[in-house]
Amino acid sequence: MQLELFHGVLKTYLDTPNLSNAALYEQLVDGGLLIRHELTERAPIGRSAQHHSPAKRRVRWIQQTLRSMGLLERMPEHRGVWKATTKAKTELTPAAPKVVMLGFSTEWGIGLWGNAEDVFARIDEPISLAISSPPYPLNQPRAYGGPTADQYSDWICKLLEPIVKNLVPGGVVALNVSNDIFVQGSPERSTYREEMVIALNKRLGLKLMDQIIWHNKNKPPGPVAWASKERMQLGVAWEPVYWFCNEPRLCIADNRRVLQPHTEAHKKLLARGGESRTASNADGAYRIKPGSYGKQTDGRILRNLIDVSHNCPSQRDLRKVTDELGLPRHGAVMPLKLAQMLVEFFCPPGGLIAIPCAGTFTLPLAAELSQRRWVGTDKHLEYVHVGSHRFPDRVMTA
Ligand SMILES: C[S@@+](CC[C@H](N)C(=O)[O-])C[C@H]1O[C@@H](n2cnc3c(N)ncnc32)[C@H](O)[C@@H]1O
């Protein structure tokens with residue numbers, strides 16, 4: 001496949017700087033992108049019908065194309081030696097419309113390079129969960145870009161439409177978005193989230209189950225203009241995870257999959273056989289009698305306010321790998337612990353998880369560790385490349 005080879009040539013230069021053509025061919029053979037005997041095969045080419053290697057010509061055509069895109073340059077004074085440019089290392093390479101490439105595969109999933117709309121339009125399998133942290137509609141977007149607050153509802157509906165049509169009855173859609181989007185020049189929060197909830201309901205038939213709060217007490221201070229400078233707003237400390245279901249009565253989420261350890265106080269209460277007093281609040285809505293809360297249970301039900309810091313060992317390791325590869329760091333990553341809780345709560349073992357906008361593949365890694373099948377995609381080649389390094393047993397296919 002020409003595109004796979006294209007991706008492979010760029011990746012090889014990103015992995016190994018200053019590569020001679022001979023070394024490049026070797027690495028492409030090692031990576032399964034060329035077959036060794038193709039390199040020695042000769043065929044008559046062009047009007048002169050001179051004999052050349054068609055495989056080597058394909059690679060050289062890719063080199064020239066990458067050069068014209070400003071991603072590859074020759075090493076002056078070293079014949080046949082090329083290197084990736086600073087642009088290739090620092091700018092992101094978006095997938096062309098309709099082009100989807102297999103980046104890597106693992107025991108439980110596949111990582112793709114492509115726009116989510118294109119990827120999931122081609123997948124016709126029952127999906128249990130669609131989960132994502134899509135780009136937030138920031139006034140100053142991150143390197144990977146994204147829709148504005150005004151465009152958001154339409155953008156997210158189009159992105160999710162091909163997934164939602166394959167959701168199993170009771171299937172879940174979960175979206176981590178930002179609460180901290182402000183109307184330009186004002187301390188007023190955007191209502192894009194409310195508009196998104198209504199659009200997903202009206203256009204895709206998704207019913208709102210909850211807005212789970214991810215409490216991140218290490219969130220960077222903000223909003224700087226309105227909390228730190230003008231002092232009108234409070235400091236931000238949480239992000240919502242919207243949870244939708246197509247058929248709420250059949251919802252496949254199950255809190256028994258994410259039971260938490262009992263608190264020490266509750267363990268003591270259990271050891272005492274529960275409450276010993278009799279009490280009631282003023283209107284009788286809550287009554288305590290001897291033995292209340294004394295029943296042994298397997299754990300505490302997870303509350304819909306999840307306290308997880310964004311300081312994450314897995315993300316720290318990934319930053320190191322990203323720097324070693326000389327690739328751009330991703331600016332918006334989710335802690336693995338949160339990703340795992342969400343994946344396990346929402347999706348039963350054996351379910352298929354669709355992960356559009358995978359970024360550094362945190363949610364796919366959570367699915368892999370939880371032994372759920374997954375399909376993850378990101379539109380930027382560099383993130384798929386970096387993300388693949390989180391799966392030690394991956395098979396590189398492109
Ligand atoms: C907020 S980040 C996701 C971060 C991710 N949760 C993590 O832990 O790394 C959003 C990602 O969506 C990707 N993206 C934006 N539009 C996309 C699209 N249409 N299809 C696939 N990926 C897209 C961007 O490249 C970016 O990496």
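We did not get these values from a lab; they are worked out from the coordinates using the rules stated. This one's a predicted model, so the numbers in the text were calculated from it and none came from an experiment. In this analysis, Cβ positions are derived from the backbone assuming ideal geometry, glycine residues included, and neighbour counts consider all displayed protein chains.
Quick one: net charge around residue 393, please, counting Lys, Arg +1 and Asp, Glu -1 for every other residue with C-beta under 13 Å from its C-beta.
Charge balance in the 13 Å sphere: 0.
Given just the C-alpha atoms of region 117-175, how large is their convex hull per residue in cubic angstrom?
80
On a 0 to 90 degree scale, rounded to 10, what angle separates helix 192-204 from the longest Cα axis of the chain?
Approximately 80 degrees, to the nearest 10.
Ranked by Cβ crowding within 10 angstrom, fewest neighbours first, how are 318, 270 ordered?
If I rank by nearby Cβ atoms, fewest first, I get 270, 318.
Output the relative contact order of the chain, whole-number percent, from Cα pairs under 8 angstrom with separation of 6+ residues.
Value for the chain: 20 percent.
Give me P(r) over region 127-214, computed from all C-alpha to C-alpha distances, binned every 5 Å, as integer percentages.
3, 13, 24, 25, 19, 10, 4, 2, 0
What does the convex hull of the Cα atoms come to per residue for region 262-326, in Å³?
Hull volume over Cα atoms, normalised by residue count, gives 139 Å³.
Treat region 21-176 as a sphere of radius equal to its Kirkwood radius over Cα pairs and apply Stokes-Einstein at 37 °C in a medium of 0.692 mPa s; give the translational diffusion coefficient in µm²/s, rounded to a whole number.
Rounded, D is 167 µm²/s.
Need the full-extension length gain, residue 320 to residue 250, defined as separation in residues times 0.36 nm minus the C-alpha distance. One decimal, nm.
20.9 nm
When the expected Rg is taken as 2.2 N^0.38 Å, what fraction or multiple of it is the alpha-carbon Rg of the chain?
Output field value: 1.20.
Taking N as the number of residues in region 261-300, what is its alpha-carbon radius of gyration divided by 2.2 N^0.38 Å?
Rounded to two decimals, the normalised Rg is 1.25.
As an exercise, find the ratio Rg/Rh for region 206-326 from alpha-carbon atoms, using the Kirkwood inverse-distance average for Rh.
My calculation puts Rg/Rh at 1.11.
Please list, ordered by chain and number, the residues whose modelled amide H lies under 5 Å from the amide H of residue 374; skip anything fewer than 5 residues away on the same chain.
The list, which skips near neighbours in sequence, is 109, 110, 353.
Among DSSP beta bridges lying fully in the chain, give the percent that are antiparallel, nearest 5.
65
Which FRET efficiency value, to the nearest 0.05, do you get for residue 40 and residue 68 by plugging their Cβ-Cβ distance into 1/(1 + (r/R0)^6) with R0 = 22 Å?
Here the calculated transfer efficiency is 0.15.
Would you please calculate the Kirkwood hydrodynamic radius of region 2-90 over all C-alpha pairs and express it in Å, rounded to one decimal?
Roughly 13.5 Å, rounded to one decimal.
Pairs of Cα atoms under 8 Å, at least six residues apart: use those to get the relative contact order of region 292-362, whole percent.
Worked out over region 292-362, it gives 32 percent.
Just subtract the alpha-carbon distance of residue 125 and residue 217 from 0.36 nm times their residue separation and send over the number in nm, one decimal.
29.2 nm is the gain from fully extending residue 125 to residue 217.
Under the rule of at least 5 residues apart or a separate chain, name every residue whose amide H is placed under 5 Å from the amide H of residue 52.
43, 45
Could you give me the ³J(HN,Hα) list for region 338-346, computed from phi with Karplus coefficients 6.51, -1.76, 1.60 and θ = phi - 60°, whole Hz, x at Gly and Pro?
Karplus values, whole Hz, x for Gly and Pro: 5, 4, 5, 4, 5, 4, 6, 5, 7.
So what is the relative contact order of region 262-398, in percent, for Cα pairs below 8 Å that sit 6 or more residues apart?
It rounds to 16 percent for region 262-398.
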